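Note sheet for the following structure.
The values are calculated or read from the model by the stated rules, or taken from the named source; none is laboratory data. Please read all numbers here as calculations on a predicted model, not as lab measurements. Backbone-built Cβ (ideal geometry, glycine too); neighbour counts: all protein chains shown.
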Amino acid sequence: MFKTLRSQYFLGGFITMLVMFGLLLWNAQLLIGQALEDRFAAEMGLASPLITAAVAPLLATRDYAALQDVVSQSTQTQALAFLEVTDTRGRLVAQAGPGAEASAALRIATVPVEIAGQRLGQVRFGLVGSALQEVRARLLRSSLLIGGALLVLGLAALAFWATWLSAGFARLAKASQRVADGDYSLSLPGSRVRELAQVSDAFNRMSAAVRTQFEALRDSEQQQRSLMASMAGGLLVQDAQQRVIHSNDAALRLLGVSSLSGRMPEARDPEGRLLRPEQMPAALALQTGQPQRDVLLQFRHARGAVRWLSVNAEPRFHADAHAPATPHVEAVVSTLTDVTRHVLAEQELRNLNEGLESRVQRRTLELQRARDEAERASLAKSQFLSRMSHELRTPLNAMLGFAQLLSLSRERLRDNELDKVKQIEHAGWHLLDLINDVLDLSRIEAGEMSTSIEPVLVAELVSETVQMLSTQAQAQGVRIIERSAPQLWARADRKRLKQVLNNLLSNAIKYNQPGGTVTLEVSALPAQQQLLVSVSDTGRGMNAQQLANLYQPFVRFEQGNDLTAGTGIGLVITKRLVELMGGQIGVESEPGRGTRFSVTLVASAASPFSPPFDINLDDGPEPAPLHEPLTGVSRRLLYIEDNPTNAELVRSMLRQQRPEFDLRIAVDGLSGLAMVEQRRPHLVLIDIGLPGIDGLEVCRRLRADPANAGMPLIAFSANAMPSDVRDAQAAGFDAYLTKPIDLPELLEHIDRLLNERAFSASAWGELHAPI
């Protein structure tokens, strides 16, 4: 009831009119009643003076009988209902009528009685108000009749207006229903009511817009369907219950089904495990609201073929009107991509990789074994070279040592005998050079060759090399031409650079022709910040094949009856040493026109610790020794050596060169330590390869005793490897001499160490004390 617009409009109008009629009636009654009250009050105002005037003289004379008659006569009128007179003390002196309690319709008034300002009492009377009530009742009846008639007429007019107005809205409702049913061509007519006309016009515009949008949506949907049908990849749309509500032909083809019947077929993960419905990508997208990317699944077709698909599931959200801030997933759009070829290719590649890994592992094991064998071979080679160095140097020590002794005792030999001794000594030193070359090559190949890079004055080394090889050049009739600036410095290892210069200059002399020349030139390359050292000869030269094999070890280019001495490793060592110093070596040669070797080194500023060097090619006197020989004072020396030949060599040298020295021999380490405790020698010579405890252990024990902390110790050894020198230095030796011993060098070390100790305040008294 009252659900239609007309009934609601009618009910609203009726209630409104009823309220208005009630308000009007209430207001009319209020105004009329107020007017009647005012009229009654005026009548009471007129009656009060008349009554007081009638009773005042009688009350003043206290003629109460006459007063009672006047009061009784006054109440006999219809207007006055009762009258009471009281004196000044409140006593009732006259009364007429039923009193104030007889009727509620009375209007009661109390008036004082005065004469000439003197209060005589008071009069209390009541007027009848029934006439006023009757007037009010008649007015109320008239108002109700008139209002009822007006209300009925208003309701009739309202019902007509509501029916006429709701007809327009009814037409609008029917038109909306037709639009909802798909009739977008409907148009509403105009209306004389402005509001209805506005609503009709808005409805027509809305209908046209909906028709346009619907047509655009229909075209877009048709395009999307065409696009989905033409897609190579599969496309699925699933609702919130995972029901497939749309799929394209590619999806059906990839899944191997003719239709999906609302559900996806069974799928397995890459490991072959069957997935439950809640584990599918679409289900995960529905549960989490997050897209699922590149999920690899395998589907088995009805014929047994396995298809690998990459699935991407994208959730689609819908915002609820009651909670727009928290949209919920209403559908999932999934794309299917066929990756079967890629997966099969990856599986095949994985199988190949596994096979390759196994082959690599086998090859690695083989290489590991080969490396271990190479390391063992290298270790055996190093041990062999060290052993051979020791075994070759030990007899060389006796040969060269005694040859040097004979050379030092010139007055005892004839000239021809001295020449033969010199030849023996020269052959011994040549053999030692060959041994050193082999050891150097071995150290270079093993990566054990170390260099000490520092600023080196190249002209100084060139001068020393030329002086050292001048005798060889004169013997072969070769002239040496030196062209070098005096103040050119290079960053190099002084010892190794001198070895390089010696090898290049020696080869240039050795492979030259009689009457030929060797040019040694040092120049600067400022643009490259380098130094160029070149050695050119006028010898026989080399062809292209020989140049290609120039730096191969143990390769010599002999021609006919060429008897030139050499091992074929000098240039190999030279090239490796140059590279170790950060330089480069090059060669230019033509058969019959000679050879030119070029060495480039990094240029350097002058060393702050080296004074300028003046080149002097004139043969002058031998330079003075660094330390003057200590003669005239006895020293106690101890030589710990198990080889009698070596011991006799040192004994003979000291007997010849330092006869005032007292040398004692100990044949092993323990006896040597005991003799140190007994004799307290000034200097101890120790052979490293001793029986029992070796020379390194002897040195450590001596250094562990504070009494021997400053005692000079010199090591002798046939081992010339850098590691041997480092071990000796770590043990505490002051000097390390390799066999064969250079006797002048040995004497120089002995004099130096004894001189250094002689200037020590703690040892001065000991060195000069009587033996």
Odd one out for E84 among (1) over 16 Å from L106 (Cβ atoms); (2) among the charged types (D, E, K, R); (3) surrounded by 15 or more Cβ atoms within 10 Å (Cβ to Cβ): (1)
Residues of region 170-194 that turn out to be under 28 Å from G13 (Cβ atoms) and modelled with pLDDT of 70 or more, as a count: 11
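Can you tell me which residues in region 580-597 are of a type in the set (S, T, N, Q) and either more than 50 Å from the chain's Cα centre (by Cα) or part of a loop (DSSP other than H, G, I, E, B) (or both)?
Applying the first criterion (of a type in the set (S, T, N, Q)) to region 580-597 yields 584, 589, 595.
Passing the criteria: S589, T595.
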Strands (runs of 3 or more DSSP E) lying entirely in region 666-771 (those with 2 or more residues that are modelled with pLDDT under 90 and under 14 Å from R636 (Cα atoms)): none
Test: residue in region 211-224 that is free of Cβ contacts under 8 Å to residues at least 60 places away in the same chain, more than 18 Å from T335 (Cα to Cα) and of a type in the set (S, T, Y): yes
Complete set of residues in region 279-307 that are surrounded by 12 or more Cβ atoms within 10 Å (Cβ to Cβ) and more than 36 Å from the chain's Cα centre (by Cα): Q298, F299, R300, H301, V306, R307
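Do the conditions hold for S442, that is, is it buried (at least 16 other Cβ atoms within 10 Å of the Cβ), in contact with a Phe, Trp or Tyr (Cβ under 9 Å, 6 or more places away or on another chain) and in a helix (DSSP H, G or I)?
Details: buried (at least 16 other Cβ atoms within 10 Å of the Cβ): yes; in contact with a Phe, Trp or Tyr (Cβ under 9 Å, 6 or more places away or on another chain): no; in a helix (DSSP H, G or I): yes.
So S442 does not fit the description; no.
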Filter result (surrounded by fewer than 19 Cβ atoms within 10 Å (Cβ to Cβ) and at pLDDT 90 or above) within region 594-607: R596, S598, V602
Tally, over region 720-735, of residues that are surrounded by fewer than 21 Cβ atoms within 10 Å (Cβ to Cβ), in contact (Cβ under 8 Å) with a residue 12 or more places away in the chain and either closer than 23 Å to L441 by Cβ or touching a His at 6+ places or on another chain (Cβ under 7 Å) (or both): 6
Residue that is surrounded by the fewest Cβ atoms within 10 Å (Cβ to Cβ) [pool: residues in region 87-111 that are part of a strand (DSSP E or B) and at pLDDT below 80]: R107
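Looking for whichever is basic (K, R) and in contact with a strand residue (DSSP E or B) (Cβ under 8 Å, 6 or more places away or on another chain) here; the options are R680, R700. Which one fits? Walk me through how you get there before you give the answer.
Details: R700 fails: in contact with a strand residue (DSSP E or B) (Cβ under 8 Å, 6 or more places away or on another chain).
One residue alone meets the criteria, R680.
Hey, among L59, L30, L18, L23, which residue is assigned to a helix (DSSP H, G or I), under 22 Å from V123 (Cα atoms) and modelled with pLDDT of 75 or more?
Numbers: L30 fails: under 22 Å from V123 (Cα atoms); L18 fails: under 22 Å from V123 (Cα atoms); L23 fails: under 22 Å from V123 (Cα atoms).
From the options L59, L30, L18, L23, the qualifying one is L59.
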Verdict on V152 being closer than 22 Å to L106 by Cα and at pLDDT 80 or above: no
